[in-house]
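The values are calculated or read from the model by the stated rules, or taken from the named source; none is laboratory data. Computed from a predicted model, the values in this text were never measured in an experiment. Here the Cβ positions follow ideal geometry from the backbone for every residue, glycine too, while neighbour counts run over all protein chains shown. SASA here: full protein model, heavy atoms, side chains in, ligands and nucleic acids out. Shrake-Rupley method; radii C 1.70, N 1.55, O 1.52, S 1.80 Å.
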Amino acid sequence: MELRHLRYFAALAETLNFTRAAEKCHVTQSTLSHQIKQMETELDTRLFERIGKRVVITEAGDTFLSRIMPALQQIDGAVSTLHQPSDAVQGEVRVAVIQSFNTRLVPACISAFLDRYPALRIKVEELPQHRIVERLKSGDLDLGIAYRPPDDQDLWFEPLYNEEMVLVVADWHPFASRKRVRMVELNNLRMTLLPPQYSTRQLIDEHFRSANAQPQVVVELDSIGAMIQLIRKSELAGIVGEIAIADTDGVSVVPLENPTPIRTPGLLWMRGGGVPAASQAFAKQIRRVLKDGQGQDGGT
């Protein structure tokens, strides 16, 4: 089954007339009729009933139509965006990000994006993972930059890249000169980490349990910037994602192994319905920045 088959089906479902549907699709009536019959054979389901000269969509056809229309609308919107001049994309982009990406990735994206689309307004909120999911579902956001929600059928998730989480210590810390550190070596180590409600902390805790290690978490901070600043001035160690470190002055970044904590950030948006052109354009800018290596250089 190809995209044209779905368009033929949608046109016939809208018009319930083979002649008008064929005109709408710019094909002959015999071609459209043949393609619809091919679809029904492939699906092993009657999509339309022919009652004399009348065409009636079946219950199965109506269900199928409700499922494919959002996808067709998204495809049409994406194609339309490609051919729009920069000043034709207007409005506001409402984005929420987890804080790891608000340090360097998002500013790099916004800077390049506004150069291309100066008429757009961008609203960025820094939220924990569960709040991003809630706000997307409530319609208060257009786009999220976070991690894959577990078993959530209401959201699309587009992976962007895989990122290793690393150990961060002051330059004078005993681990600062190490090429790699095993997770088990962090047992009883004095550390600062994000609070337990953050998905990043939950991932780190899972890896500690896997390595049979239990660090001494003496400080919990909900700001990675504050965490790095504390590490810079104390004996505490921390674990963060590589993209979150904006300034490595005074700190050392050491890879972790056995096991290596790895996470996959991506784009989140609601299934169904059309994604606003402005949001599609911003998502495209994120992909471009990551492809060019901007917003990822030098850190966690």
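Structure notes:
- Only one entry in LEU12, LEU3 is open to solvent by 30 Å² or more (accessible area, probe 1.4 Å) and among the aliphatic types (A, V, I, L, M), namely LEU3.
- In the stretch 37-55, the residues that are among the basic types (Lys, Arg) form Cβ pairs under 9 Å with partners that are assigned to a helix (DSSP H, G or I), at six or more places apart or across chains, as follows: ARG46/GLU40; ARG46/ALA60; ARG46/GLY61.
- Subset of the stretch 180-211 [open to solvent by 80 Å² or more (accessible area, probe 1.4 Å), over 32 Å from the mean Cα position of the chain (by Cα) and of a type in the set (D, E, K, R)]: ARG190
- Some residue of the stretch 150-172 being in a loop (DSSP other than H, G, I, E, B) and open to solvent by less than 20 Å² (accessible area, probe 1.4 Å): no
- Top-ranked residue of the stretch 265-279 - restricted to ones that are open to solvent by less than 40 Å² (accessible area, probe 1.4 Å) and more than 18 Å from ILE132 (Cα to Cα), ranked as modelled with the highest pLDDT: ALA278
- Single residue of the stretch 15-45 satisfying the filter (charged (D, E, K, R) and open to solvent by 50 Å² or more (accessible area, probe 1.4 Å)) that is farthest from LEU72 (Cα to Cα): ASP44
- Residue that is nearest to GLU206 (Cα to Cα), among those in the stretch 226-279 that are in a strand (DSSP E or B) and β-branched (Val, Ile, Thr): ILE262
- Residue count for the stretch 212-241, restricted to those that are closer than 20 Å to PRO259 by Cα, open to solvent by less than 40 Å² (accessible area, probe 1.4 Å) and at pLDDT 95 or above: 5
- When the stretch 138-149 is filtered for residues that are among the small types (Gly, Ala, Ser) and open to solvent by less than 30 Å² (accessible area, probe 1.4 Å), the ones remaining, listed by number, are GLY144, ALA146.
- Checking each residue in the stretch 91-109 for being within 17 Å of PRO276 (Cβ to Cβ) and open to solvent by 10 Å² or more (accessible area, probe 1.4 Å) picks out GLY91, GLU92, ARG94.
- Search result, residues across the stretch 217-259 that are among the polar types (S, T, N, Q), out of contact with any strand residue (DSSP E or B) (no Cβ under 6 Å at 6 or more places or on another chain) and touching a residue at least 12 places away in the same chain (Cβ under 8 Å): SER223, SER234, THR248
- Of all residues in the stretch 180-220, those that are assigned to a helix (DSSP H, G or I) and either in contact with a Ser or Thr (Cβ under 6 Å, 6 or more places away or on another chain) or within 21 Å of GLU242 (Cα to Cα) (or both) total 14.
- The stretch 115-137 - residue that is open to solvent by less than 70 Å² (accessible area, probe 1.4 Å) and in a helix (DSSP H, G or I) and, of those, nearest to ARG67 (Cα to Cα): LEU136
- Pairs, first of a type outside the set (Gly, Ala, Ser) in the stretch 1-24, second not in a helix (DSSP H, G or I), C-beta under 6 Å, six or more apart: LEU16/VAL55
- Only one entry in LEU32, LEU43, LEU16 is farther than 27 Å from ALA277 by Cα and out of contact with any helix residue (DSSP H, G or I) (no Cβ under 9 Å at 6 or more places or on another chain), namely LEU16.
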